[in-house]
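To start, the structure under review is shown below, and the notes come after it.
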Amino acid sequence: MTCASNSNSFLNKAIEFPSPAKINLFLHIVGQREDGYHNLETLFQFIDHSDTLTLTATETPDIELLTPIDGVNNDDNLIVKAARLLKCKSNTDFGVKISINKILPMGGGLGGGSSNAATVLVALNMLWQCELSLTELSLLGLSLGADVPIFIHGFSAFAQGVGDDFTAIKPHEYWYLITKPECSISTKQIFTDIDLPRNTKKLALSALNTSDFINESFHNDCQTLVIKQYPEVAKLLAWLVEYAPSRMTGTGACVFTRFSSYQEACSLQAKLPKGISSFVAQGLNKSPLCSVIAKLSLSE
């Protein structure tokens, strides 16, 4: 396959794309596969807090990241890896210049790196006019990380398998206070720990007919292990649950606390202990990236 090379109206135009965070309303580990990956059951929901990627498709073939991330080699950056992967898959002659305004914390469990990779794949698929389907893009994304496909999918979903088998679901779009103590957690470290629970009973789909996913029927299997190893997370969670339902997202270190209104979330944010970074965001059942792509499609 070769991307279209004639009449490309997107060339040499700097276009901004959102790269949103996600939370795992729950995260159950129901088994481990022979290849080492884990079988999961999780409910993904987006939140309206995003990195911003600016992409300029070029007629020259180079892939340039104009804003390197401190401590991350460009060759190891998922942004660059995603662009190179699509370039190889599509056999395009085009290149791209990419810059990022990074506001999502690293090592927080919000999926920032995976979201960045997904945004690059979805955006360049349009800018380079590659015409890959979402299924094809998701398969590419899965090779970069288990969370990448949900950001390509673009809608909240109950996910099974390694997190890429989706069932549509629309949880209530609550307001959340997202907090992070002064630590970062390696996903690989948590998923390779021998003490991680790996035998949670599978859910019946009927169990998802609820608006309350922060109750005793649902949990995060990574949370107990993390709070044993990271007292900062344990202390923060213990403080937050005194005020409102709270749970760790992904492998941490971020914790989300649920509220019915923006004002309630801001009220607790004002009381947070020192040293805790935070922001308030609303749950979204549709990624803001979908709206940008749809708008650009109409402008072609």
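Confirm whether residue 296 is within 26 Å of residue 184 (Cα to Cα) and hydrophobic (A, V, I, L, M, F, W, C). Before the answer, list the steps.
Working: within 26 Å of residue 184 (Cα to Cα): no; hydrophobic (A, V, I, L, M, F, W, C): yes.
Judged against the criteria, residue 296 is not a match.
Would you please list the contacts, defined by Cβ atoms under 7 Å and residues six or more apart or on different chains, that run from a residue in region 208-234 that is modelled with pLDDT under 95 to a residue that is in a helix (DSSP H, G or I)? Every condition considered, the pairs that remain are 217/207.
Among all residues of region 77-92, there is at least one that is more than 20 Å from residue 111 (Cα to Cα), in contact (Cβ under 8 Å) with a residue 60 or more places away in the chain and part of a helix (DSSP H, G or I). Of a type outside the set (A, V, I, L, M) and either closer than 26 Å to residue 244 by Cα or surrounded by 22 or more Cβ atoms within 10 Å (Cβ to Cβ) (or both): is that true of residue 165 in this structure? No. Flag: residue 166 matches the condition of being in contact with a strand residue (DSSP E or B) (Cβ under 8 Å, 6 or more places away or on another chain), free of Cβ contacts under 8 Å to residues at least 40 places away in the same chain and part of a strand (DSSP E or B).
Mind listing whichever residues of region 124-142 are small (Gly, Ala, Ser) and buried (at least 23 other Cβ atoms within 10 Å of the Cβ)? Reasoning before the result, please.
Just the residues of region 124-142 that are small (Gly, Ala, Ser), to begin with: 133, 138, 141.
Once the filter is applied, which keeps residues that are small (Gly, Ala, Ser) and buried (at least 23 other Cβ atoms within 10 Å of the Cβ), region 124-142 yields only 141.
Restricting region 261-282 to residues that are of a type in the set (Gly, Ala, Ser) and under 12 Å from residue 177 (Cβ atoms), which is nearest to the chain's Cα centre (by Cα)? So that I can check it myself, show each step before the final result.
Applying the first criterion (of a type in the set (Gly, Ala, Ser)) to region 261-282 yields 261, 265, 267, 270, 275, 277-278, 281.
If we keep only those that are under 12 Å from residue 177 (Cβ atoms) as well, we get 261, 265, 267, 270, 277-278, 281.
On the way: 261: 23, 265: 22, 267: 26, 270: 26, 277: 19, 278: 17, 281: 14 Å.
Selected residue: 281.
Please find, within region 34-59, the residue that is nearest to residue 160 (Cα to Cα) out of those that are in contact (Cβ under 8 Å) with a residue 60 or more places away in the chain and among the charged types (D, E, K, R). In this case the residue turns out to be 41.
Taking region 12-48 as the region of interest, how many residues are β-branched (Val, Ile, Thr) and surrounded by 22 or more Cβ atoms within 10 Å (Cβ to Cβ)? Don't jump to the end; show me each part of the working.
First, pick out the residues of region 12-48 that are β-branched (Val, Ile, Thr): 15, 23, 29-30, 42, 47.
Retained after the next criterion (residues that are surrounded by 22 or more Cβ atoms within 10 Å (Cβ to Cβ)): 23, 42, 47.
Qualifying residue count, region 12-48: 3.
Residues in region 93-118 that are without any contact (Cβ under 8 Å) to a residue 60 or more places away in the chain and assigned to a loop (DSSP other than H, G, I, E, B) were compared, and the one that is farthest from residue 277 (Cα to Cα) is 102.
The values are calculated or read from the model by the stated rules, or taken from the named source; none is laboratory data. Values in this document were obtained by computation on a predicted structure and should not be read as measured data. Cβ atoms come from the backbone with ideal geometry, glycine included; neighbour counts cover every protein chain shown.
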